Ligand code: EPU
């Protein structure tokens with residue numbers, strides 16, 4: 001979708017929104033798949049309610065993009081514009097055991113920054129790609145921990161209320177790869193409460209997690225992490241592997257040879273290829289194990 005109206009463009013500029021015409025979602029996502037549309041970069045968060053009313057007045061559909069690391073976007077010209085937060089400076093402010101972190105901050109860098117100041121707990125998240133906002137929205141986790149456990153409060157744009165609000169940790173439910181945020185809520189910032197630990201001890205934990213990740217996941221390849229959630233008490237990767245589907249492909253969309261729940265873009269995969277591969281694997285798992293796998297990856301298909 002292209003923004004053409006000069007009056008609308010001027011209104012965007014007036015609320016400090018930068019218009020990047022014809023952005024490629026393939027370039028903005030870790031899977032490297034997705035068509036093109038206009039990208040609207042937000043630098044002044046207080047104007048988000050004005051931006052949303054402006055878009056609605058002009059009948060322009062929109063979606064919020066975080067770090068693009070758990071996302072499969074459709075092919076071709078997309079029927080909505082993309083909204084993304086520009087990174088503020090600083091992204092993280094420490095105050096005792098509290099870390100006030102902007103939603104646009106990189107998750108790995110946040111873990112490292114806190115570690116350098118002797119705050120730990122999030123060691124398992126070091127290799128999880130994406131932004132803090134994206135991790136928060138889906139309650140990202142790995143190696144026995146999840147970001148939700150550290151959340152003291154969250155600042156967000158609540159689409160239903162059309163305003164920016166602050167929610168306390170106990171008002172949000174964090175479950176396995178799921179939260180109580182509404183799909184159209186936009187994460188803006190989070191306050192994390194972290195345990196004190198020595199940098200040395202945190203580093204040791206980080207090294208162990210990195211080693212486990214390197215030995216089991218296809219880190220150098222274009223993927224969205226695990227494509228399906230694990231069903232209760234089982235591993236999607238193990239089931240897909242047991243069916244001999246490692247290496248199975250549709251076009252350039254391929255089940256990783258290393259970890260069967262990672263589907264990689266081995267070249268120029270289209271969203272159609274990836275969705276077909278996901279549907280094939282899902283139906284094979286259902287037929288053999290009687291389990292309906294649920295997507296972990298968020299799909300924005302036009
Ligand atoms: N396994 C296989 N073959 C495979 C993959 C896994 O046999 O191709 C077996 C492993 O040998 C192991 C079991 O399945 O016995 C579980 O595998 P793993 O430890 O790799 O964990 P997982 O359940 O596949 C989960 C998360 C990962 C997270 C790791 C480590 C989900 C869907 N996946 O993977 O998260 O990094 O544990 O904590 O919850 C993600 O969410 O994107 C993600 C990568």
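What follows draws every value from the coordinates through simple rules; no lab data is involved. Note that the structure is predicted; figures quoted are calculated from it, not measured. Note that each Cβ is placed from the backbone with ideal geometry, even for glycine, and that neighbours are counted across all protein chains shown.
So here's what we get for this one:
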item: Qualifying residue in segment 238-254 (condition: under 22 Å from residue 139 (Cα atoms) and either surrounded by 16 or more Cβ atoms within 10 Å (Cβ to Cβ) or in contact with a strand residue (DSSP E or B) (Cβ under 8 Å, 6 or more places away or on another chain) (or both)); result: no
item: Residues located in segment 228-244, provided they are more than 7 Å from the ligand (Cβ to nearest atom) and in contact with a helix residue (DSSP H, G or I) (Cβ under 6 Å, 6 or more places away or on another chain); result: 239, 243
item: Selection status of residue 3, touching a residue at least 12 places away in the same chain (Cβ under 8 Å) and within 26 Å of residue 178 (Cα to Cα); result: no
item: Residues (over 24 Å from residue 76 (Cβ atoms), without any contact (Cβ under 8 Å) to a residue 40 or more places away in the chain and outside any helix (DSSP H, G or I)) located in segment 15-62; result: 15, 16, 17, 44
item: Checking residue 287 against (1) out of contact with any helix residue (DSSP H, G or I) (no Cβ under 6 Å at 6 or more places or on another chain); (2) touching a residue at least 12 places away in the same chain (Cβ under 8 Å), the condition it does not meet; result: (2)
item: Matching option when the condition is more than 30 Å from residue 51 (Cβ to Cβ) and more than 14 Å from the ligand (Cβ to nearest atom), among 223, 215, 198; result: 198
item: For residue 63: the one exception among (1) in contact with a helix residue (DSSP H, G or I) (Cβ under 9 Å, 6 or more places away or on another chain); (2) closer than 21 Å to residue 32 by Cβ; result: (1)
item: Neighbours by Cβ (under 6 Å, 6+ apart or cross-chain): first from segment 241-253, closer than 15 Å to residue 273 by Cβ; second more than 11 Å from the ligand (Cβ to nearest atom) and assigned to a loop (DSSP other than H, G, I, E, B); result: 251/269; 252/266; 252/267; 252/268; 252/269; 253/269
item: In segment 245-281, residue nearest to the ligand (Cβ to nearest atom) [restricted to those that are touching a helix residue (DSSP H, G or I) at 6+ places or on another chain (Cβ under 7 Å), within 18 Å of residue 294 (Cβ to Cβ) and part of a strand (DSSP E or B)]; result: 255
